Each structure stands twice: as structure tokens, then as C-alpha cells.
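The values are calculated or read from the model by the stated rules, or taken from the named source; none is laboratory data. This structure is a prediction, so every number in the text was calculated from the model and none was measured. For neighbour counting, all protein chains shown are included, and Cβ atoms are generated from backbone atoms with ideal geometry for every residue, glycine included.
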Ligand SMILES: [Zn+2]
């Protein structure tokens, strides 16, 4: 018995891990660094800026690749 319908399956992506500490990142962020390491490396403010820029870039990328509005 399959619990995940095939159309949902496409949205499940490979799990990401923090490149620094290998913590699994489950919140769908665009950057492969967890908050703890990001704050440690860049500082909280800088890391938040980097994250939002990457989220932004990803959204634009998704639009270009047609991932958004795939309504079925
Ligand atoms: Zn980490």
C-alpha cells in the first residue's frame, strides 16, 4: 500500500545536510548550512541575509524551470 500519491512523490526531494555538522535540514531551506553553523560562520544577521537571498534566487529559478504553477 502506497501512502504517497505519485504526484506528491515528485515534491519529495533528497534530504539535505548541513555541510559543516551533517545535521539533517528538513525545513526546505535553500542553503546547505544549519542555523547554528551559519550563525557561527557568518553571524546571525549576515546568515539571515544570505539565506533570504538564496531563497529569492531559488524562487526565481523555480519560476524559470516551471516548478511553480504545476497545478496537478
Ligand atoms: Zn550545521
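Summary of values
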item: Some residue of the range 15-24 being part of a helix (DSSP H, G or I), modelled with pLDDT of 95 or more and either within 8 Å of the ligand (Cβ to nearest atom) or surrounded by fewer than 11 Cβ atoms within 10 Å (Cβ to Cβ) (or both); result: no
item: Test: residue in the range 52-66 that is in contact with a helix residue (DSSP H, G or I) (Cβ under 8 Å, 6 or more places away or on another chain) and modelled with pLDDT under 95; result: no
item: Inter-residue pairs, beta-carbon under 6 Å, first under 15 Å from residue 58 (Cα atoms) and in the range 22-38, second at pLDDT 95 or above and within 10 Å of the ligand (Cβ to nearest atom), 6+ apart; result: 32/19
